[in-house]
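What follows is a single structure, written as structure tokens, with notes after it.
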Amino acid sequence: MKIIEQQIICRNIPTYTNSKRRKPFNLIKIVFNYISDKKDNACLDELIKKGNDLATKVNAGAANNASLSRNQYRIKNNCIAGTIAEYAWKNYLNLDTEIVSETAFENVSSQIDLEIISNAKKIEVRSSFPRNGIEFAICHPIHQFDVIGPYTNNYKPVEIQKDFYVRTLFSFDSSLIIEKAKEDDFTVYLTGGVSWAMIVDDSIAIIKNFVPDDEIDASKLTTKSSYRVVPFDNALDTLEISNLMKES
């Protein structure tokens, strides 16, 4: 496994000279080599197994729930992507010293989480699959991606639902997660995040109606829901959000 820092300067890219992102965006690439590296092979096999196990918990009672049964395949892929994303963020944040730990799965209303060991602050990890590439997701002036915050039905400005929200991107369709994970040069992109204070700041956060790519709750997979999000032009990059979490 390799950890590689990459900087994207949106307005220096000919396609995105009109990008809303003015500052450089520093991201982290986690690169696995399933075929040629035995440690990566074992690690990814374990993460895929963990994702499959999580999917069985999410899918409990699927035989009696037609909607859930129809979405089993997507939920499984989302769970696998989520466990890989969680591992990638955990590994990066703990690179020099142990900062975060995993949280136990409680219910499908909670996405994949990490916890800062020193103060129990929660970090929600969410994934997306920009098939048009990472630069598109960060730089496109209209279709840029977002850091996803809380579902608005659960949102209360005076209550902290999660302390931090971070993003992971995979540059392929979610249906390919196992296939891609079992190749060399499988790349997981850690692409910034936001604090709770940013999520409740109406000058940078917006409300967006959509189904998140990594949704594991079958009841939300077929109906768009409203979320508070911060578009990438207003989000912290990976180095900024990492430092903020470590200093919190």
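The values are calculated or read from the model by the stated rules, or taken from the named source; none is laboratory data. Being a predicted model, the structure only gives us computed values, none of them experimental. Cβ coordinates were reconstructed from backbone atoms using ideal geometry, including for glycine residues, and neighbour counts include every protein chain displayed.
Which residue pairs have Cβ atoms under 9 Å apart, sit 6 or more places apart or on different chains, and have a first residue in the stretch 35-57 that is free of Cβ contacts under 8 Å to residues at least 24 places away in the same chain and a second that is not in a helix (DSSP H, G or I)?
If the second residue must be not in a helix (DSSP H, G or I), the pairs left are Asn41/Phe32; Asn41/Asn33; Asn41/Tyr34; Asn41/Ile35; Asn41/Lys182; Asp45/Tyr34; Asp45/Lys182.
Do you know which residues across the stretch 125-152 are surrounded by fewer than 18 Cβ atoms within 10 Å (Cβ to Cβ) and farther than 27 Å from Gln7 by Cα?
Passing the criteria: Tyr151, Thr152.
Tell me whether the stretch 116-124 contains one or more residues that are surrounded by 15 or more Cβ atoms within 10 Å (Cβ to Cβ), among the acidic types (Asp, Glu) and out of contact with any Leu (no Cβ under 9 Å at 6 or more places or on another chain).
No, every residue in the stretch 116-124 fails to be surrounded by 15 or more Cβ atoms within 10 Å (Cβ to Cβ), among the acidic types (Asp, Glu) and out of contact with any Leu (no Cβ under 9 Å at 6 or more places or on another chain).
Out of the residues in the stretch 72-98 that are of a type in the set (Val, Ile, Thr) and surrounded by 18 or more Cβ atoms within 10 Å (Cβ to Cβ), which is farthest from Glu240 (Cα to Cα)?
Once the filter is applied, the top-ranked residue is Ile75.
I need the full set of residues from the stretch 153-184 which are surrounded by 14 or more Cβ atoms within 10 Å (Cβ to Cβ) and modelled with pLDDT under 90, in order please.
Once the filter is applied, which keeps residues that are surrounded by 14 or more Cβ atoms within 10 Å (Cβ to Cβ) and modelled with pLDDT under 90, the stretch 153-184 yields Tyr155, Ile160, Gln161.
Mind listing whichever residues of the stretch 164-199 are within 22 Å of Lys224 (Cβ to Cβ) and hydrophobic (A, V, I, L, M, F, W, C)?
If the condition is that a residue be within 22 Å of Lys224 (Cβ to Cβ) and hydrophobic (A, V, I, L, M, F, W, C), then Leu169, Phe170, Val194, Ile199 are the ones that fit.
Taking Ile116, is it more than 24 Å from Lys220 (Cβ to Cβ) and in contact (Cβ under 8 Å) with a residue 60 or more places away in the chain?
Yes, satisfied.
Any idea how many residues of the stretch 200-213 are in contact with a Pro (Cβ under 7 Å, 6 or more places away or on another chain) and either among the hydroxyl-bearing types (Ser, Thr, Tyr) or under 14 Å from Arg167 (Cβ atoms) (or both)?
Adding up the residues that qualify gives 0.
Return the residues of the stretch 190-207 that are in a strand (DSSP E or B) and surrounded by fewer than 20 Cβ atoms within 10 Å (Cβ to Cβ); say none if nothing qualifies.
Ile206, Ile207, listed by residue number.
Go through Pro14, Pro24 for me and flag whichever is surrounded by fewer than 20 Cβ atoms within 10 Å (Cβ to Cβ) and in contact with a helix residue (DSSP H, G or I) (Cβ under 9 Å, 6 or more places away or on another chain).
Result: Pro24 is the single residue among Pro14, Pro24 that is surrounded by fewer than 20 Cβ atoms within 10 Å (Cβ to Cβ) and in contact with a helix residue (DSSP H, G or I) (Cβ under 9 Å, 6 or more places away or on another chain).
As an exercise: evaluate Lys156 against (1) under 19 Å from Ser248 (Cβ atoms); (2) in a loop (DSSP other than H, G, I, E, B) and give the number of the one condition it does not meet.
So Lys156 meets the others, but not (1).
Pairs please, first residue from the stretch 208-235 and modelled with pLDDT under 95 and assigned to a loop (DSSP other than H, G, I, E, B), second anywhere and surrounded by fewer than 16 Cβ atoms within 10 Å (Cβ to Cβ) and hydrophobic (A, V, I, L, M, F, W, C), Cβ atoms under 8 Å, 6+ apart in sequence or on different chains.
Leu221/Val211; Thr222/Val211; Thr223/Val211; Lys224/Phe210; Lys224/Val211
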